[in-house]
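This report refers to the structure that appears directly beneath it.
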Amino acid sequence: ANLVPVVPDRDPRALDAFAALGRTQGRRASSIVGEASVVLGLWERLAESWPRAREVRADQPSFVIDRDPDVPADPQVRRTTPADYEVVLPACVRMFVEEVGYSPVSGSGVGPYETRVRTLIAEGWSFARFEPGQGPAGSPGSVVFKAELGAVAGGVAQVQGVWVTPGRRGEGLSKAGMAAVVEAARRDVAPIVSLYANHYNERALAAYRAVGFEQVGTYATVLF
């Protein structure tokens, strides 16, 4: 789904070569995402031959934390389980629609996005805080905060899909929730936790900085 160009030293010859391959094969990915200078350089070379981009997000601060959070962790945030899937999936869809602008679900219940959510839960990479609902006994209720580890490699766990239900925003749930995710990820998965966000999402950026994340670079995303 995502094309992630990795170009040592931002070598323009590598960008030329990747772009030539991209022009030959045509667009297959739904986005180009990665280091801003590389993504934007590749897109500049592909823009005339690929379909028009739906949106270009050219300034997405990239953050990392490699220590304990600066704020207390929310004790109600936990790893989700397969039993939580029916409640977690709608929250994931709502986050995706807010972030990307369309629904990712297939309608059949067995599409790639649904499978992805199930896989993250099975891997122990899905975290959420629930509040009691009106469902059957044993139901986790509804999700008020969630986040996932979208990728883990090289001693780094990248957090994605951070979301707070609209009616509970402004209560500090994202700060305490992210602190819980950082603690769990660093304890059980990888010593460094990373994420990136849109530059205009000032509330989220403030929350990440309060937790102790430090900006180390800038990403960009081209959405189709």
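At R0 = 22 Å, how high is the FRET efficiency between S103 and V152 if r is their beta carbon distance? Nearest 0.05 is fine. Don't skip to the answer; put the middle values down first.
Working: r = 27 Å, r/R0 = 1.21.
After rounding, the FRET efficiency stands at 0.25.
Sketch the reach of a paramagnetic label on R79 as a point 7 Å from Cα along Cα-to-Cβ, and name the residues of the stretch 169-184 whose backbone nitrogen lies under 14 Å away.
Zone members listed by number: 181-184.
Between the helical axis of 202-211 and the dominant principal axis of the chain, each derived from Cα atoms, what acute angle in degrees is found, rounded to the nearest 10?
Around 70 degrees separate the two axes.
Can you tell me the dipole magnitude for the stretch 70-129 around its Cα centre, using point charges on the Cβ only (Lys, Arg +1; Asp, Glu -1), in Debye to the nearest 20?
On the way: 6 positive and 8 negative charges, 29 e Å.
That gives a dipole near 140 debye.
Tell me, what is the Rg over Rh of the stretch 65-105, with Rh the Kirkwood radius over Cα pairs? Walk me through the numbers before you get to the answer.
Numbers: Rg = 14.3 Å, Rh = 12.8 Å.
Over the Cα atoms of the stretch 65-105, Rg/Rh equals 1.12.
What number do you get for the stretch 24-120 when its Cα radius of gyration is normalised by 2.2 N^0.38 Å, N = residues? If you can, show how the numbers build up before the last one.
Details: Rg = 17.9 Å, N = 97, 2.2 N^0.38 = 12.5 Å.
Here the Cα radius of gyration is 1.43 times the empirical estimate.
Rolling a 1.4 angstrom probe over the protein heavy atoms, how many square angstrom per residue are accessible across the chain? Could you put the intermediate results ahead of the total?
Details: 11650 Å² over 224 residues.
Heavy-atom accessible area per residue stands at 52 Å².
What nm value, rounded to one decimal, do you get for the distance between H199 and V216 when each label is placed 7 Å out toward the C-beta?
Here the answer is 2.1 nm between the modelled labels.
Go from 0 up to the bin containing the longest alpha carbon distance in the stretch 121-224, width 5 Å each, and give me the % of pairs per bin.
Pairs per bin, as whole percents: 2, 11, 21, 23, 18, 14, 6, 3, 1, 0.
Sort out for me the Cα centre separation of the stretch 13-37 from the stretch 86-117, rounded to whole Å.
With the stretch 13-37 and the stretch 86-117 each reduced to a Cα centre, they are spaced 26 Å.
Could you compute the FRET efficiency for A47 and R13, with r as their C-beta to C-beta distance and R0 at 22 Å, rounded to 0.05? Please list the in-between numbers first.
On the way: r = 19 Å, r/R0 = 0.87.
According to the calculation, E is roughly 0.70.
What 222 nm value per residue comes from the helices of the chain, counting each DSSP H run with n ≥ 4 as -39,500 (n - 2.57) and dividing by all residues, nearest 500 deg cm²/dmol?
Values: 6 runs with 79 residues, N = 224.
Taking each H run of at least 4 residues, the total per residue is -11000 deg cm²/dmol.
Report the Cα centroid-to-centroid distance between the stretch 200-219 and the stretch 149-181 in angstrom, as an integer.
A separation of 12 Å, based on Cα centres.
Below 8 Å, C-alpha to C-alpha, sequence gap of six or more: please give me the relative contact order for the chain in percent.
On the way: 400 pairs, mean separation 70.9, N = 224.
Once normalised by length, the contact order is 32 percent.
Going from the alpha-carbon gyration tensor of the chain, what semi-axes, largest first and in whole Å, does one get by taking the root of 5 times each eigenvalue?
Numbers: eigenvalues 201, 89, 46 Å².
Taking √(5λ) for each eigenvalue gives 32, 21, 15 Å, largest first.
Which one of G26, A128, V117 has its Cα pushed farthest toward the positive end of the charge dipole of the stretch 1-129, where Lys and Arg give +1 and Asp and Glu give -1 at the Cβ?
G26
The values are calculated or read from the model by the stated rules, or taken from the named source; none is laboratory data. Owing to the predicted nature of the structure, the values given are computational and were not obtained by experimental measurement. Note that we place each Cβ from the backbone using ideal geometry, even for glycine, and neighbour counts take in every protein chain shown. SASA here: full protein model, heavy atoms, side chains in, ligands and nucleic acids out. Shrake-Rupley method; radii C 1.70, N 1.55, O 1.52, S 1.80 Å.
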